[in-house]
Amino acid sequence: MKNFNNYVEKNRKENLKFESIVVHGANGVDPTTGSISYPIYQTATFKHHGLEKTDPYNYSRCINPTREELERTMCILEEGNRAFAVTSGMAAVSLVTSLLNPHDHIIYSDDVYGGTYRCVNEVLEPYGIESDSIDLTDLDLLKKTIKPNTKMIFIETPTNPMMKVADIAAIAKIGHEIGALVVVDNTFLTPSYQKPLTLGADIVVHSGTKYLGGHNDVVAGIVVVKDEQIGEKLEIQMYINGAGLGPMDSWLLLRGIKTLALRMTKHSENAMKVANFLRNHPKVEKVYYVGFEDHPNYATTIKQTTGFGGMISFRVDNLETVNKLLTKVKLVTFAESLGGVESLVTHPVSRTHTEIKEEIRQALGITDTLLRLSVGIEDADDIIADLTQALE
Ligand SMILES: Cc1ncc(COP(=O)(O)O)c(C=O)c1O
């Protein structure tokens, strides 16, 4: 197994701060040429140097230097020992859930991204894996839901779109008592603000499409693990399913990550202003933002994260306001996805969460008057002015 401990140790020894690591990545410059921008090794295959020689690189489905630099960098940022860069966030979720076997049981957040819900219901369930989706902010409920065959607890925190915050350390403790793997989807806060592996989780997944890439120009996924044996299993899976991220997309992610810390600060500052604006708007009934002190899980947020991020959901007074807002916004774009520099607004019921059954959506509060806003890094006053005219 490739072990990235040397890189992790090097960064720890040099005592580099997060803001420096994101800019320089694991290697800093290309060791062979001195190129400041890490090269894009756009090749499918590599020359063998002789029958007796073991070459570090052979075939890009299995290993590619640009992807490797991204994986090492993510290892350092998430404080793991092994990372995998794959073709999408869903490829990352699929890779991790491939650790489960028929008759195993997975418990997952009730209000996860629709694609994760679909993965459980349309891939894992038919494959013979049992599942329960529950409110993971309720630890008693978690304990009651555990079965002798529970092998994985999959946490999304904050959840998409209801912004519920689960206590990662407490769930990890409960999960480990029964020998289950604890997985955290860290897409919304990124290691800038939340490091699940340091809180006891075993595996972190990301939609790299979102804040890591940061520019709405690449689809990617990341998995980071602590344990070597789990890393080895995932490595084999990755060779087989062939979902390794291509060199160009790996480079785009590396470039995006350089500004991750800066962007997260601006996303959060803007989101706080926009959330407060929305909260005081007469057509807005409720705002879901983890940075509000009266958010039901604020104590957990403060305990385990260092920032609030740029995601807000809000409920407006009626469907007419939803329609008006989505057609009238100019600076903000009505589009799926999140985490990029551009502000995007979406309608979870008709876009990102269509696969979740109507009664479940209603129970969770994902109704047709709910909107999800990914606050970009434009000027906050411009975003607020745009929303003001769109809500008129
Ligand atoms: C929290 C979360 N996890 C995973 C995914 C899936 O990522 P991708 O679209 O890159 O496959 C998404 C996509 O929106 C997401 O929001």
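The values are calculated or read from the model by the stated rules, or taken from the named source; none is laboratory data. Predicted model only: the values in this text are computed from it and were never measured. Note: ideal-geometry Cβ built from the backbone for every residue, glycine included; neighbour counts use all protein chains shown. Calculation scope for accessible area: heavy atoms of the full protein, side chains included, ligands and nucleic acids excluded. Shrake-Rupley method; radii C 1.70, N 1.55, O 1.52, S 1.80 Å.
It is to be established whether one or more residues within the range 348-356 are open to solvent by less than 20 Å² (accessible area, probe 1.4 Å), among the hydrophobic types (A, V, I, L, M, F, W, C), at pLDDT below 95 and assigned to a loop (DSSP other than H, G, I, E, B).
Yes.
Report yes if residue 263 is open to solvent by 30 Å² or more (accessible area, probe 1.4 Å), in contact (Cβ under 8 Å) with a residue 12 or more places away in the chain and of a type in the set (Lys, Arg), otherwise no. It is false that residue 263 is open to solvent by 30 Å² or more (accessible area, probe 1.4 Å), in contact (Cβ under 8 Å) with a residue 12 or more places away in the chain and of a type in the set (Lys, Arg). Selection of first residues in the range 104-121 that are aliphatic (A, V, I, L, M) and of second residues that are at pLDDT 95 or above and within 9 Å of the ligand (Cβ to nearest atom), restricted to Cβ pairs under 8 Å at least 6 apart or on distinct chains, gives the following pairs, ordered by first then second residue: 112/156; 112/159; 112/185.
Have a look at 219, 184, 205 and point out the one that is within 11 Å of the ligand (Cβ to nearest atom), assigned by TED's automatic domain parsing to the domain that holds residue 93 and open to solvent by 40 Å² or more (accessible area, probe 1.4 Å).
Working: 184 fails: open to solvent by 40 Å² or more (accessible area, probe 1.4 Å); 205 fails: open to solvent by 40 Å² or more (accessible area, probe 1.4 Å).
From the options 219, 184, 205, the qualifying one is 219.
Within the range 33-56, restricting attention to residues that are under 26 Å from residue 213 (Cβ atoms) and open to solvent by 60 Å² or more (accessible area, probe 1.4 Å), the residue that is modelled with the lowest pLDDT is 33.
Pull up the range 96-122, narrow it to residues that are among the aliphatic types (A, V, I, L, M) and under 14 Å from the mean Cα position of the chain (by Cα), then point me to the one that is nearest to residue 38 (Cα to Cα).
Filtering the range 96-122 for residues among the aliphatic types (A, V, I, L, M) gives 96, 99-100, 106-107, 112, 120.
From what's left, under 14 Å from the mean Cα position of the chain (by Cα): 96, 112.
Details: 96: 28, 112: 34 Å.
So, considering only residues that are among the aliphatic types (A, V, I, L, M) and under 14 Å from the mean Cα position of the chain (by Cα), the one nearest to residue 38 (Cα to Cα) is 96.
Rundown of residues vs (1) within 15 Å of the ligand (Cβ to nearest atom); (2) closer than 29 Å to residue 220 by Cβ, yes/no style:
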residue	(1), (2)
340	yes, yes
355	yes, yes
358	no, no
367	no, no
374	yes, yes
377	no, yes
384	no, no
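In the set (1) surrounded by fewer than 16 Cβ atoms within 10 Å (Cβ to Cβ); (2) assigned to a loop (DSSP other than H, G, I, E, B), residue 359 fails one condition alone, (2).
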